[in-house]
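All remarks here apply to the structure that follows.
The values are calculated or read from the model by the stated rules, or taken from the named source; none is laboratory data. Only a predicted model underlies this, so the values are computations on that prediction, with no experimental measurement involved. Every residue, glycine among them, receives a Cβ derived from its backbone with ideal geometry; neighbour counts consider all protein chains shown.
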């Protein structure tokens with residue numbers, strides 16, 4: 001990890017003081033292809049540039065003390081893309097894992113994956129398992145890649161497991177509540193995301209964490225993923241801190257918080273340098 005810029009450290013300290021830091025951030029990394037086309041590049045260039053955004057976001061999340069970061073890396077629907085693009089994405093994933101695993105390990109980042117991993121090429125699966133094994137004892141940020149994943153796949157897979165347990169008389173369906181059913185989901189060991197960020201400006205969650213994002217705060221960033229750096233992450237977190245999370249209740253039922261303590265204008269983060 002490069003030495004942190006003092007100004008960036010100051011900004012992070014202010015964010016920590018201004019309100020609650022989300023424990024789990026999930027990101028739909030959208031817009032690689034559109035960014036590349038606007039720049040006159042191939043789509044492949046956009047995917048490669050997006051790796052830099054991942055690196056900076058992971059580093060900043062670790063520095064802020066965020067516990068979990070889930071990145072929507074490759075959806076079940078993405079298998080429908082042209083074979084040449086899918087092949088490029090798999091090769092890029094392998095390269096990124098080889099380049100970044102030692103760095104993740106040295107920075108106490110635990111790596112994991114969620115999705116229908118058996119559909120991945122054997123070479124990709126090998127690198128994934130190697131990265132998981134090397135970082136399994138780390139106690140800092142948990143970086144979770146959603147690969148060959150979709151929310152509907154997750155819920156359907158959970159329902160099949162639940163049905164099998166009912167069939168085997170391991171569980172009584174009349175006794176199962178939401179919390180127990182959630183134990184069948186792919187992210188059963190990770191708390192639901194507090195903040196869900198989508199880049200690229202589209203107002204939809206694209207089959208991502210359909211169960212888990214039920215009460216996530218949504219933040220739509222107009223910038224494309226290759227443009228995303230820590231200053232935009234800070235912007236999303238500050239907006240998250242300004243919101244009141246009611247979970248179906250009314251404001252008067254919530255513990256009163258001082259939302260104005262050390263409140264920081266959003267434009268300070270919109271214009272902040274990424275430190276890169």
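Taking the stated definitions as given, is residue 129 free of Cβ contacts under 8 Å to residues at least 60 places away in the same chain and either in contact with a strand residue (DSSP E or B) (Cβ under 9 Å, 6 or more places away or on another chain) or not in a loop (DSSP other than H, G, I, E, B) (or both)? Break it down stepwise before answering.
Numbers: free of Cβ contacts under 8 Å to residues at least 60 places away in the same chain: yes; either in contact with a strand residue (DSSP E or B) (Cβ under 9 Å, 6 or more places away or on another chain) or not in a loop (DSSP other than H, G, I, E, B) (or both): yes.
Yes: the conditions hold for residue 129.
Residues that are crowded, with 16+ Cβ neighbours inside 10 Å, under 21 Å from the mean Cα position of the chain (by Cα), at pLDDT 95 or above and within 30 Å of residue 16 (Cα to Cα) do not occur anywhere in segment 119-126.
Residue under question is residue 190, and the condition is that it be crowded, with 18+ Cβ neighbours inside 10 Å, in contact with a strand residue (DSSP E or B) (Cβ under 6 Å, 6 or more places away or on another chain), touching a residue at least 24 places away in the same chain (Cβ under 8 Å) and part of a loop (DSSP other than H, G, I, E, B); does it hold? Answer is yes for this residue. Can you pull out the residues in segment 156-187 that are in contact (Cβ under 8 Å) with a residue 12 or more places away in the chain and closer than 28 Å to residue 21 by Cα? Across segment 156-187, the qualifying residues are 181, 182, 184, 185, 186, 187. Among the conditions (1) within 30 Å of residue 19 (Cβ to Cβ); (2) in contact with a strand residue (DSSP E or B) (Cβ under 7 Å, 6 or more places away or on another chain), the only one that residue 65 does not satisfy is (2). Screening residue 108 against (1) under 20 Å from the mean Cα position of the chain (by Cα); (2) surrounded by fewer than 18 Cβ atoms within 10 Å (Cβ to Cβ); (3) farther than 25 Å from residue 231 by Cβ leaves a single unmet condition, (3). Here residue 137 clears all of (1) more than 22 Å from the chain's Cα centre (by Cα); (2) outside any helix (DSSP H, G or I); (3) farther than 25 Å from residue 209 by Cβ except the condition numbered (1). Checked against (1) within 27 Å of residue 204 (Cβ to Cβ); (2) surrounded by 15 or more Cβ atoms within 10 Å (Cβ to Cβ), residue 162 passes all but a single condition, namely (1).
Against the definition (crowded, with 21+ Cβ neighbours inside 10 Å, over 15 Å from the mean Cα position of the chain (by Cα) and at pLDDT 95 or above), how does residue 224 come out, yes or no?
Numbers: crowded, with 21+ Cβ neighbours inside 10 Å: yes; over 15 Å from the mean Cα position of the chain (by Cα): yes; at pLDDT 95 or above: yes.
Judged against the criteria, residue 224 is a match.
Condition check ((1) modelled with pLDDT of 95 or more; (2) not in a loop (DSSP other than H, G, I, E, B)) across all residues:
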site: 161; (1), (2): yes, yes
site: 166; (1), (2): yes, yes
site: 169; (1), (2): yes, no
site: 201; (1), (2): yes, no
site: 206; (1), (2): yes, no
site: 232; (1), (2): yes, yes
site: 267; (1), (2): no, yes
site: 272; (1), (2): no, no
